[in-house]
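In what follows, a single structure is set out as structure tokens and then discussed.
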Amino acid sequence: MSEQTELGRVLIIEDDPYNGPFTQELLAGVGFRADLAVSAEAGLKVLETADHDGPDMILLDVNLPGMSGLELAEKLKAHPEFQYIPVMMFTVHDSLESKIEGLNRGADDYLIKPYQPDELIARVNSMLRIRRLYGSLRHERLVNRHLSRTMDRSEKLSNLLGRSPQMRRICELILDVSDTDSHVLIQGESGTGKEVIARALHREGRRSSGPFVVVNCAAYAETLLHSELFGHEKGAFTGAFRRKSGRFEQARGGTIFLDEIGEISLPTQVVLLRVIQERTFERVGGEETLSTDARIIAATNRNLKEAMSKGIFREDLYWRLNVISIYVPPLRERKEDIPQLVANFIDRFNESMGKNIIGVTNEAMDLIFHHHWPGNVRELENIIERSIVLAKGEYITPEHLPPEITTREPASERAGRTANLRRLERDHVFSVLEKCGWNKYKAAQLMGISRSTLYSKIRKLGLEREGPQPNCSFPG
């Protein structure tokens, strides 16, 4: 008997009282897991009740009581789950016609009874090798399909958010965490696109079919914010003429985006912390406890760690929200994103305004590139919208840009200001050195810099000591 090289699970469907048990014992003896069913119906039941650890192949007799082996093979090959399980049929008829019929109806191989044990084991191993190769290729295809989808999603996000290294990392993080329910805290200056990132997290995740509910926490007074978040009952306060559901109720099955989270009061922070911890809340003026499964994404332009140190933001709430942290850099730190963002805004406003702007001239792009962008991406969006409204031709030119973009400091004035700063620095360093009798150790201490930095400044500014050198008790 040949040495068994690959193990697997085999289902034997055979009613012969001798051949069935013998085949089962033979396969089990060389290391296979072999199960025996004595009818097609019993074999089908084994398959239907098996979990993920189902058979790797089936040995099927042609002649069975009730449903025949040929009928079962045909049924298996039409089944979405069982069609990939290889089937070897037992038969006592060595005719070409019966083999062709069996192969046409679902068999993958034939074995004539009585068979040689070595031949059975060799052919079982052969079929299982093919099965495993197919499984490996199928898995590789699924992995490649997943990678392709991930790359497509990443490319779409990069087109939306930008292609700088900082934004690429944010795109990767969005794809990594979008399918989780972990809370996210997005931090960055006003106008950097925090809500765009929040919407991308929702859209790319498993909650995409659910609602995306936005709450600007800075837009409501404390009492109104409580009602906005959690709802209120009829008569809960003056003006509450009917029951109103809160944003957490509306966001069930989806995402709630709490913008400007750093602006909420300490009492509201306490209530919000309880909602995060217990997933329950009550409407204002109500006694019924409601549940929520909304994923929370919060955003702020404030330094929450500084707010915690001042006692105006709760540390426990910060850590509950900051499970996943995303920092969005200002536009001035990622200016390589500007061309892509400009192209996105042109496409969007072309569609909404019925325009056909092709792009931006080099002169206009140079002005855009050298602007400091205190309003970040939102400011850029507004300027492109304004420019498209004013543009009469196919391109945005400098004349379509606002004065804050086109008014740049002349080179001569910039050079003069630089020279003045250099002169002021030279006078200051020279004055300190003179005061310390050119003792560089003491001068560096007074200026709060290292001696190596001071030496560098002396060389750069071309400073030289004038007059006789006095004695000094400090090391030079």
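Using only the alpha-carbon atoms, how far is helix 194-203 inclined from the longest principal axis of the chain? Give it as 0 to 90 degrees, nearest 10. On a 0 to 90 degree scale, this one is about 0. Using the Cβ-Cβ distance between SER136 and LEU96 with R0 set to 30 Å, the FRET efficiency from 1/(1 + (r/R0)^6) comes to roughly 0.35. Rounded to the nearest 500, the helix-only mean residue ellipticity at 222 nm of the chain stands at -15500 deg cm²/dmol, with each DSSP H run of n ≥ 4 adding -39,500 (n - 2.57). Taking amide H atoms as placed 1.01 Å from N in the peptide plane, the amide H of VAL360 lies under 5 Å from those of ILE396, each 5 or more residues away in sequence or on another chain.
What is the fewest-to-most order of TRP319, TRP373 by other Cβ atoms lying within 10 Å of their Cβ?
With the sparsest Cβ surroundings first, the list reads TRP319, TRP373.
In loop segments of the stretch 18-109 as defined by DSSP, the GluC sites (Glu not before Pro) with at most 12 further C-beta atoms inside 10 Å of their C-beta are GLU81. For the chain, the relative contact order comes to 11 percent (Cα pairs under 8 Å, sequence separation of at least 6).
One way to sum up the overall shape of the stretch 9-136 is the equivalent ellipsoid from its Cα gyration tensor, whose semi-axes run 18, 18, 16 Å, largest first. Any chance you could give the angle, 0 to 90 degrees and rounded to 10, that helix 451-461 forms with the longest Cα principal axis of the chain? Long axis of 451-461 versus the principal axis of the chain: about 60 degrees. Distances between placed amide hydrogens fall under 5 Å for VAL10 paired with ARG33, ALA34, ASP35, ASP56, all partners being 5 or more residues away or on another chain. Round to the nearest 10 and give me the degree value, 0 to 90, for the angle of helix 376-390's Cα axis relative to the longest principal axis of the chain. Between the helix axis and the principal axis of the chain, the angle is about 80 degrees. Over 22 Å apart at the Cα level, from the set LYS45/LYS99; LYS45/LYS77; LYS77/LYS113, are LYS45/LYS99; LYS77/LYS113. The computed Rg/Rh (Cα atoms, Kirkwood Rh) for the structure shown corresponds, within [x] 0.98; [y] 1.23; [z] 1.06, to [y].
No value in this document is a laboratory result; all are computed from the given coordinates. As the structure is a prediction and not an experimental result, all values here were calculated from the model. Quick reminder, even Gly has a Cβ in these numbers, built from the backbone with ideal geometry, and neighbours come from all protein chains shown.
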